[in-house]
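Take a look at the structure below.
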Amino acid sequence: MRWLRRLLGGRRVQLDPARQQALLRDVQHRYGVHAQIRFTEQVEVLTATLDSDDGLVVAAQIVGQVADEAHVDLQSQAQEIHRRTGRRLLVHRRNYRPLWKEAGPALRWPLFALPSGFHPYAQVAAAVTVVGSRAPRLDRVTDPNPLLTRVFEVLDLTTAGWEYGRVRVDTDAAALADRLISSAGQVLAAMDDPPRLPPAVRELMRRNNTVAVHDPAGPRAVGGINLGAKMRENFLV
């Protein structure tokens, strides 16, 4: 594999695990819903903080951890629903949309209450931005394939939350979706042999509807986002 050859070969980069741990702790504890600045400002600061090879490793860790925690949360919710009602729900990481179509009203969107404390509109938005902007260097520090899978997984959870999970589409939510789509496209473009797009993405790419985007502080619509058009623009290259 190209990424492994780079790691083992002469083009290997010098990484500092201690610095990565320090960055991860700082990102985890200083930012999020409790921070005293807006999410847009947090993303700007965090993106600059992680703008290095060690920062890229941390960004990849954040995306992977968020996807893993969300999956565990949904599995737990499905088990609780089965315990209470006898209803069995399939939780499939490759495509969450069938789960949300079947049980959306009974589910809680997991990205607002992750055990790590990472917030989708702060640390997650910044992490995927760094992954995308530094995509050409990904295979020097990690395997980009599972990372891309996790980016698509978070994108799937985000869009399903809008459609079935009662997640309000405000400017912060729209910015997260836009960053996820752009970053996934940048990673795909940097790969020698990109994988097939997951089912949830292919389903949304066939659509052409615009979702209203609201002001975070009020009910007023301030714009719109066409997920299908954005995905086609970024993924069909």
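The values are calculated or read from the model by the stated rules, or taken from the named source; none is laboratory data. No experiment lies behind these values; they were computed from the predicted model shown. Here the Cβ is made from the backbone with ideal geometry for all residues, glycine too, and neighbour counts use every protein chain on show. The accessibility values were calculated without ligands, DNA or RNA, using every heavy atom of the protein model including side chains. Shrake-Rupley method; radii C 1.70, N 1.55, O 1.52, S 1.80 Å.
Things to note:
- Distance between the pseudo-spin-label points of ALA113 and ARG88 (7 Å out from Cα toward the beta carbon): 2.7 nm.
- Base-10 log of normalised Debye intensity for the stretch 101-237 (one unit scatterer per alpha-carbon) at q = 0.16, 0.22 Å⁻¹: -0.85, -1.49
- Spin-label model, LEU15 to MET191: label points 7 Å out along the Cα-to-beta-carbon direction sit 1.9 nm apart.
- DSSP H segments from the chain that extend 18 Å or more along their own axis, Cα-based, with Kyte-Doolittle mean of -0.5 or above: 53-85, 144-164, 171-190
- Rounded FRET efficiency, nearest 0.05, which uses the C-beta distance separating ALA35 from VAL222 and R0 of 30 Å: 0.85
- Here the dipole of the stretch 75-166 is about 220 debye; that uses its Cα centre as origin and unit charges on the Cβ of Lys and Arg (positive) and Asp and Glu (negative).
- Portion, in percent, of the accessible area of the stretch 96-237 that falls on carbon or sulfur, probe 1.4 Å: 52
- Å² per residue, accessible surface of the stretch 90-131 at 1.4 Å: 37
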